[in-house]
Amino acid sequence: MTLALARFAKRVVAVDQSPAMLKLVQRRARDAGLGARVRTVEGDLENLDLQDGSVDAVFLSQALHHAARPPAAVREAARILKADGLLVVLDLMKHDRDWVRERWADQWLGFEPEEVRDWMREAGVAPLCAGPLPAQAPGMPVLIAAGRKRNGRGKRTETAE
């Protein structure tokens, strides 16, 4: 996701707890000629080492089901967003495949769209959509949710859900 976003953004900050994954992202970015656009930060989604209101968009891609406290990760994403910034969550829909806990270190078996909407609202992000991602492969349905950070003056309202 980092490299795809870097093709269109001036700068992308990739956050991960794994130094090995961050080195891989840096190498791939360099190889693709995007090294100057990609910054990597080792850290926890629930406690980011980024300034309040410092980014235009946050993409939590297949990350929340690994977070100890997904609502805290959404709040932290909202904290670093600029007013009117975009939050996009790509994760798993609620499922019953318990084997993912051991094989992939998943802490959560996906999420319901309404709970992600609730986390966004509580974090000051107005949900725009939340539901299964259309036209995906069967088996592990993917959830997509998106919202805009409220501007702090109450002008942003929820649009479509």
For the condition out of contact with any Cys (no Cβ under 7 Å at 6 or more places or on another chain), within 21 Å of residue 107 (Cα to Cα), among the small types (Gly, Ala, Ser) and surrounded by fewer than 17 Cβ atoms within 10 Å (Cβ to Cβ), what is the one hit in 36, 72? 72
Which one of these does residue 30 not meet: (1) assigned to a helix (DSSP H, G or I); (2) surrounded by 13 or more Cβ atoms within 10 Å (Cβ to Cβ)? (2)
List every residue pair whose Cβ atoms sit under 9 Å apart, with the two residues 6 or more apart in sequence or on different chains, where the first one lies in the range 40-65 and is within 16 Å of residue 1 (Cα to Cα) and touching a residue at least 60 places away in the same chain (Cβ under 8 Å) and the second, anywhere, is surrounded by fewer than 18 Cβ atoms within 10 Å (Cβ to Cβ) and not hydroxyl-bearing (Ser, Thr, Tyr). 61/1; 61/88; 61/90
Tally time: how many residues in the range 1-43 are within 15 Å of residue 57 (Cα to Cα) and among the polar types (S, T, N, Q)? 1
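Each value in this text was obtained by applying a stated rule to the coordinates, not by laboratory testing. Note that this is a predicted model, so its numbers are computed, not measured. When we count neighbours, we look across all protein chains shown, and the Cβ atoms used for this are built from the backbone with ideal geometry, even at glycine.
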